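Visitor: Quick one: the structure is below, questions incoming.
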């Protein structure tokens, strides 16, 4: 197979009536999904889409998103995955940035006049609709945008070989079989959820697609009643499940064979609590970026002594720490392997990839003697207080350990005397006066941190701004502090 979509054709002929996807009251088999994809491919061709054209997908329904994705790939076009709640300004930026031929959407573009390219609603694909299929694929399987939490988003070009390699990597490290029924409530416009769709497509497994990441009772109900064997989760989701629904999670999740958690660092005590609730479930953490997905993993059940580590390299991937600090060992995590992207759209220099093929991730980390890395944060997020360095993650872990803190985010604030000082945004459970809370938290931090790391400025929020996958939007936090100082 030279493309992930070719597995859809394979399974449509080989036991094609087996269910592939389930969403609400829809449950197309491989055979039915293949037919829907061919009808959508005809629709794209009828709208002038040709090999190499970029097609933006802005689609709410998970199954419909996958239909449009596979159809774009099937006609040789390059699908661009966007989260369906992206505002017009970002969609317009993506269309201009990539020279998109078409936007396919569901009710998100009403009134979008003077748009850079045609916008078409997702079509009705009834029986009898003309079909189209081609074996001519673009080298680029799809594009996704970087999160843009610390700068301008860039379109990552993921190749067909990248896609196949990372899907097989998931199968390898998570020990998946063809009999899985996996619950995916994460957006398919990101590599976490989409990668598992690819893995289930290769295996001929089944994916139960769920719209909401935040409807915890409904997720637990689906795990219990739908015969779910595998579950994908962010650390934030695990925190809610363990701390707010622990007993129910233990009762309803006892039949889970595995849980895969994405790469945002998860506190070791939370990991241990999860393993205590589900002692017979395989628990995995993986690390990767849009530019180099599934670069490392940690199978916690076999590495209990390393629950604080992010993981070691997946098969076929190499990791190293670039220019490590002589005392702490911290340096930039670099990745090399078949999972590394082709580059960024429109960038002929292959920014971030050196001449030897190493991708410089921008993540700060350390590596132990067994090859396990621990992500410490982003290089660009490092705070410098009069020349002394600290990472937001370290400070957030200390803040979050206090009973009055529900969530926190730490950033560097410009300071005339020390270049930067530490600012902390806090979501609190307490009704005490702000001045009292600040004194309490500074005292708490002083017990664990050097003086220069103790936050000097505070803002109190109802919620920490985060991306769809839970990454802190630090630029927004920095703007809040800037506005507060005016």
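The values are calculated or read from the model by the stated rules, or taken from the named source; none is laboratory data. These numbers come from a predicted model, not from an experiment. Positions of Cβ are generated from backbone atoms using ideal geometry, with glycine treated the same way; all protein chains shown enter the neighbour counts.
Visitor: Quick test for you: out of 193, 178, pick the one residue that is in contact with a strand residue (DSSP E or B) (Cβ under 8 Å, 6 or more places away or on another chain), without any contact (Cβ under 8 Å) to a residue 40 or more places away in the chain and farther than 14 Å from residue 226 by Cβ.
Guide: Every option except 193 fails the conditions.
Visitor: Now, a different point. Has the stretch 124-133 got at least one residue that is surrounded by fewer than 19 Cβ atoms within 10 Å (Cβ to Cβ), modelled with pLDDT of 90 or more and within 23 Å of the chain's Cα centre (by Cα)?
Guide: Within the stretch 124-133, not a single residue is surrounded by fewer than 19 Cβ atoms within 10 Å (Cβ to Cβ), modelled with pLDDT of 90 or more and within 23 Å of the chain's Cα centre (by Cα).
Visitor: Anything in the stretch 1-48 that is in contact with a strand residue (DSSP E or B) (Cβ under 8 Å, 6 or more places away or on another chain) and at positive phi? List them, or say none.
Guide: Result: 48, single match.
Visitor: List, please: which pairs have Cβ atoms under 9 Å, are six or more places apart or on different chains, and start with a residue in the stretch 1-30 that is free of Cβ contacts under 8 Å to residues at least 24 places away in the same chain and end with one that is surrounded by fewer than 19 Cβ atoms within 10 Å (Cβ to Cβ) and assigned to a strand (DSSP E or B)?
Guide: Between residues of the stretch 1-30 that are free of Cβ contacts under 8 Å to residues at least 24 places away in the same chain and residues that are surrounded by fewer than 19 Cβ atoms within 10 Å (Cβ to Cβ) and assigned to a strand (DSSP E or B), the close pairs are 12/29; 16/29; 17/29; 27/19; 29/19.
Visitor: Right, here's the next one. Can we say residue 238 is under 29 Å from residue 37 (Cβ atoms) and touching a helix residue (DSSP H, G or I) at 6+ places or on another chain (Cβ under 9 Å)? Spell out the reasoning first.
Guide: On the way: under 29 Å from residue 37 (Cβ atoms): no; touching a helix residue (DSSP H, G or I) at 6+ places or on another chain (Cβ under 9 Å): yes.
The answer is no for residue 238.
Visitor: From 395, 326, 364, which residue is modelled with pLDDT under 95, more than 28 Å from residue 162 (Cβ to Cβ) and buried (at least 21 other Cβ atoms within 10 Å of the Cβ)?
Guide: Exactly one residue qualifies, and that residue is 395.
Visitor: Just one of 229, 216 is under 23 Å from residue 272 (Cα atoms) and touching a helix residue (DSSP H, G or I) at 6+ places or on another chain (Cβ under 7 Å); which is it?
Guide: Details: 229 fails: touching a helix residue (DSSP H, G or I) at 6+ places or on another chain (Cβ under 7 Å).
After ruling out the rest, the residue left standing is 216.
Visitor: If you don't mind, there's one more thing I want to ask. Looking at the stretch 44-73, which of its residues are crowded, with 23+ Cβ neighbours inside 10 Å and part of a helix (DSSP H, G or I)?
Guide: The answer is 44, 62, 65, 66, 67, 68, 69, 70, 71, 72, 73.
Visitor: Do we have residue 17 as in a loop (DSSP other than H, G, I, E, B) and at pLDDT below 95 here?
Guide: Numbers: in a loop (DSSP other than H, G, I, E, B): yes; at pLDDT below 95: yes.
The answer is yes for residue 17.
Visitor: Taking residue 152 as the residue in question, decide whether it is farther than 17 Å from residue 289 by Cβ and either outside the structural domain of residue 92 (by TED's automatic domain parsing) or within 19 Å of the chain's Cα centre (by Cα) (or both).
Guide: Here the answer is no, as residue 152 does not meet what is asked.
Visitor: Can I ask one more? Only one of (1) modelled with pLDDT under 90; (2) within 30 Å of residue 193 (Cα to Cα) fails for residue 448. Which number is that?
Guide: Every listed condition holds for residue 448 apart from (2).
Visitor: Out of the strands (runs of 3 or more DSSP E) lying entirely within the stretch 326-411, which hold 1 or more residues that are farther than 30 Å from residue 142 by Cα and either touching a residue at least 60 places away in the same chain (Cβ under 8 Å) or not assigned by TED's automatic domain parsing to the domain that holds residue 263 (or both)?
Guide: Details: elements: 331-336, 359-367, 373-378, 383-385, 388-390.
Filter on the stretch 326-411 gives 383-385, 388-390.
Visitor: Go through the stretch 433-486 and count every residue that is part of a loop (DSSP other than H, G, I, E, B) and surrounded by 12 or more Cβ atoms within 10 Å (Cβ to Cβ).
Guide: Residues in the stretch 433-486 being part of a loop (DSSP other than H, G, I, E, B) and surrounded by 12 or more Cβ atoms within 10 Å (Cβ to Cβ): 14 in total.
Visitor: Another question, if that's okay. Out of (1) more than 19 Å from residue 195 (Cα to Cα); (2) at pLDDT 95 or above; (3) surrounded by 16 or more Cβ atoms within 10 Å (Cβ to Cβ); (4) touching a strand residue (DSSP E or B) at 6+ places or on another chain (Cβ under 6 Å), what's the single condition that is false for residue 318?
Guide: The number of the failed condition is (3).
Visitor: Now for a separate question. Given the options 217, 235, name the one that is at pLDDT below 95 and within 18 Å of residue 261 (Cα to Cα).
Guide: Numbers: 217 fails: within 18 Å of residue 261 (Cα to Cα).
After applying the criteria, what remains is 235.
Visitor: Just checking, how many residues over the stretch 154-178 are surrounded by fewer than 20 Cβ atoms within 10 Å (Cβ to Cβ) and either at pLDDT below 95 or on the phi > 0 side of the Ramachandran plot (or both)?
Guide: Total meeting the criteria: 3.
Visitor: Next question, about the same structure. Listed residues 202, 171, 219; which is over 15 Å from the mean Cα position of the chain (by Cα) and farther than 24 Å from residue 31 by Cα?
Guide: Among 202, 171, 219, only 219 is over 15 Å from the mean Cα position of the chain (by Cα) and farther than 24 Å from residue 31 by Cα.
Visitor: Go through the stretch 88-117 and report how many residues are touching a residue at least 12 places away in the same chain (Cβ under 8 Å), farther than 23 Å from residue 146 by Cα and either surrounded by fewer than 13 Cβ atoms within 10 Å (Cβ to Cβ) or out of contact with any strand residue (DSSP E or B) (no Cβ under 8 Å at 6 or more places or on another chain) (or both).
Guide: Adding up the residues that qualify gives 1.
Visitor: I would also like to ask the following. Can you tell me which residue among 223, 238, 171 is without any contact (Cβ under 8 Å) to a residue 40 or more places away in the chain and within 24 Å of residue 66 (Cα to Cα)?
Guide: 171
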